[in-house]
Structure formats: structure tokens, C-alpha cells
Amino acid sequence: MRAAKLTAGLLLIMVCVACTAPQEPSLKDALEETGWKEEATLSGAESEISSVSPPCEQLFRLLDRNDGKDTVSGFRNEERDSYLLIRDWPAGRNLPGAVLDAAKACPRMEMGYDSTLLVYTVKIVGEQRHETRLLLSVREDAGEKVTEMLVSASTGQGENRLIRVMNPTGITGPEEDAADLAALR
């Protein structure tokens with residue numbers, strides 16, 4: 001009888017400790033703690049794309065995915081003039097593997113926009129089973145730098161996540177840290 005009371009008491013203590021254990025912050029809270037503020041995302045305000053270099057059409061489709069079933073969140077780091085876009089949808093195919101294969105076939109992507117041609121240098125900077133990371137350096141056809149973009153394609157817990165972190169002067173620690181926080185683990 002005494003052992004049963006002792007066991008019940010220990011279980012009650014364990015339950016109470018579990019109830020008061022600190023909760024892991026949400027992704028939004030974790031990003032805001034590091035200087036990223038949630039920002040409304042616009043739909044339908046994208047530039048009109050007139051062309052994509054043929055070897056890169058698959059990579060473009062993967063990175064530009066939007067079928068209306070996605071959940072999209074945007075964050076801005078005003079101090080760095082950086083923008084983070086997170087797109088989630090139910091897992092289907094192996095997104096990191098598909099992005100990796102498409103990036104290997106596309107080291108240089110040319111995209112015609114409204115009135116300009118942009119050239120993306122595509123570099124694979126991370127290959128893991130559940131995540132592929134790319135660094136895209138974007139320049140105008142004349143050579144002027146437009147932006148750098150760190151892309152993470154990850155899968156986990158029944159969903160895919162595509163992250164794009166952009167900064168006009170270059171990707172550094174704050175953008176990499178935000179991608180680390182936002183990647184599915």
C-alpha cells in the first residue's frame with residue numbers, strides 16, 4: 001500500500017513538472033527574438049516572368065511553387081533590410097531531393113522579367129537527407145548585383161517547407177540563423 005502511494009505521489013510530481021516545463025517558443029516568437037518581424041505577404045503582385053532558361057525550368061517551378069494550398073508567412077529584418085518568406089504544404093514528394101537534382105542541372109538561370117533579364121548563379125551550399133540549401137546570387141544582365149538569396153527546401157513531420165531569405169547586399173549570419181530557425185527538423 002505504501003509503495004502504491006509513493007508511486008502515485010511520484011507520478012503526480014512528474015505530471016506537475018511536465019506541466020510547468022518551459023514551452024519551446026513558436027517559430028514566430030523565435031524569429032522575433034532575433035530581429036525578424038512578421039509582415040503581411042502579398043499575392044498577385046509578382047512581376048510577370050517572360051522566360052526561364054530551359055535547363056532551369058524545373059528549379060524555377062519548385063522554387064516558385066504556389067498552388068493555393070500553401071501556408072505562407074513573411075518576416076522582415078529592418079536592421080539588415082532582409083526578407084524571409086516561408087511556404088508550407090503537406091509532404092508528397094521528396095522536396096529536398098527534387099530541389100537538389102534541379103539545382104545540379106541549373107548552375108546558371110536566366111529569367112526574363114517585365115523589362116529586364118536577371119541572371120541567377122545557383123550554388124548548392126547544403127545537402128542533407130531532409131534539407132537542401134542553395135545560395136542564389138542575382139545580377140542584372142549588365143552585371144549589377146540585385147540581391148542574394150538563401151533557399152532551404154526541407155521536409156519533416158508530414159510537411160514540406162520552402163524558405164527564401166533575401167538581402168540586397170549579401171547573405172550573412174542573421175539570414176543564415178533565420179534559415180536555421182525556420183528549417184523543418
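The values are calculated or read from the model by the stated rules, or taken from the named source; none is laboratory data. Here the structure is a predicted model, which means the values were calculated and not measured. Methodologically, a virtual Cβ is constructed for each residue, glycine included, from the backbone with ideal geometry; neighbour enumeration extends over all protein chains shown. To get the accessible areas, we keep the full protein, side chains included, count just its heavy atoms, and leave off ligands, DNA and RNA. Shrake-Rupley method; radii C 1.70, N 1.55, O 1.52, S 1.80 Å.
The number of residues in region 50-65 that are closer than 16 Å to Thr116 by Cβ and surrounded by 15 or more Cβ atoms within 10 Å (Cβ to Cβ) comes to 2. Of the residues making up region 146-177, those that are polar (S, T, N, Q), without any contact (Cβ under 8 Å) to a residue 60 or more places away in the chain and open to solvent by less than 30 Å² (accessible area, probe 1.4 Å) number 3. Open to solvent by 50 Å² or more (accessible area, probe 1.4 Å), of a type in the set (Asp, Glu), outside any helix (DSSP H, G or I) and over 22 Å from Leu84 (Cβ atoms): is that true of Asp101 in this structure? When the stated conditions are applied, Asp101 does not pass them. Remark: Ala183 matches the filter, which requires a residue to be touching an Asp or Glu at 6+ places or on another chain (Cβ under 8 Å), at pLDDT below 95 and farther than 13 Å from Leu85 by Cβ.
Here Ser115 clears all of (1) touching a residue at least 24 places away in the same chain (Cβ under 8 Å); (2) open to solvent by 70 Å² or more (accessible area, probe 1.4 Å); (3) hydroxyl-bearing (Ser, Thr, Tyr) except the condition numbered (1). Among residues of region 81-95 that are under 26 Å from Val146 (Cβ atoms) and touching a residue at least 24 places away in the same chain (Cβ under 8 Å), those with a Cβ under 9 angstrom from a residue that is among the hydroxyl-bearing types (Ser, Thr, Tyr) and open to solvent by 50 Å² or more (accessible area, probe 1.4 Å), sequence gap 6+ or separate chain, pair up as Asp81/Thr169; Leu85/Thr41; Ile86/Thr71; Arg87/Thr71. Of the candidates Gly143, Gly126, the single residue that is farther than 14 Å from Leu63 by Cα, open to solvent by less than 60 Å² (accessible area, probe 1.4 Å) and part of a strand (DSSP E or B) is Gly126.
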